[in-house]
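Below is one structure, written out as structure tokens; the observations come after it.
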Amino acid sequence: MVSGRAKDDVSGILVVDKETGMTSHDVVDLVRRRFGVKKAGHAGTLDPAATGVLVILIGSATRLSQKLSGQDKSYRAVMKLGERTDSGDSEGKIIAEKEVSVDAERVRKVVESFRGDIEQIPPMFSAKKIKGKKLYQLARKGAVVERPPVKVTINDIGVTEAALPEVEFYVDCGKGTYIRQLADDIGEKLGCGAHLTGLRRISSGNFHVRDAVSVTELSSMSRERFYESVTGIQESP
């Protein structure tokens, strides 16, 4: 339930299960338009091709964006070995192809070797800024700029199924981790290349997909049901 307020001034957190094909901004815009919300944002972007937990911040809860965006997240992902793309996922162009000569056991060992603190170069197709420019804006113009590596933390990672060349895996990670880049780095270490073909965010901080509202439900729910779905802000003592 939302924190004490008039219903036309709702503030709180709404957890949405984002569908593939939508940008994170599309979901925020849907909330704004459908329920007349004046102020809304999200805590952690999901790529258009990805699905799962998107934390929507409404009203005064938008001030929590930086705090909630920095919380640990968990994902379930699929990558395809043998093909590398310029974006690190299936949305990009294939830039290299190699025969997959590794076995499932080798894949498992390499995937698990990424557990812990690692350095990751942010992908060109990302919202990270270099000298005030978002990388994806430069990438769309065909530019490639030097990006300094960033330290990220992989709390846990492992293979759930290896039906080569497809590999399903899970990742529990800290802030700033790009799963697309992780797949690309795994492919490089295997020597055959790889790119992400599926991604689902299971949780973000304490927010889990099992408690999320689907986009379909959000698109048809009543205003009263919307108010009931918004969680009030827990103020720090």
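The values are calculated or read from the model by the stated rules, or taken from the named source; none is laboratory data. Just so we're clear, the structure is a prediction, and the values are computed from it rather than from any experiment. Cβ sites come from the backbone with ideal geometry, for glycine too, and all protein chains shown count toward neighbours.
Odds and ends about this structure:
- Residues that are touching a helix residue (DSSP H, G or I) at 6+ places or on another chain (Cβ under 8 Å) and within 25 Å of Ile157 (Cα to Cα) within segment 51-76 comprise Gly52, Val53, Leu54, Val55, Tyr75, listed in sequence order.
- Cβ-Cβ contacts under 6 Å between residues 6 or more apart (or on different chains), taken from a first residue in segment 91-107 that is outside the structural domain of Thr197 (by TED's automatic domain parsing) and on the phi < 0 side of the Ramachandran plot to a second residue that is surrounded by 16 or more Cβ atoms within 10 Å (Cβ to Cβ) and part of a loop (DSSP other than H, G, I, E, B), are absent.
- Leading residue by the ranking (surrounded by the fewest Cβ atoms within 10 Å (Cβ to Cβ)) among those in segment 8-52 that are touching an Asp or Glu at 6+ places or on another chain (Cβ under 8 Å) and in a loop (DSSP other than H, G, I, E, B): Gly36
- All conditions but one from (1) at positive phi; (2) modelled with pLDDT under 75; (3) buried (at least 19 other Cβ atoms within 10 Å of the Cβ) apply to Gly132; the one that does not is (3).
- Taking (1) over 12 Å from Tyr75 (Cα atoms); (2) touching a helix residue (DSSP H, G or I) at 6+ places or on another chain (Cβ under 6 Å) in turn, Val150 satisfies each apart from (2).
- Any hit, segment 85-106, residues being part of a strand (DSSP E or B), surrounded by 19 or more Cβ atoms within 10 Å (Cβ to Cβ) and not basic (Lys, Arg): yes
- Scope segment 107-120; condition over 24 Å from Ala49 (Cα atoms) and in a loop (DSSP other than H, G, I, E, B); matching residues: Ser113, Arg115
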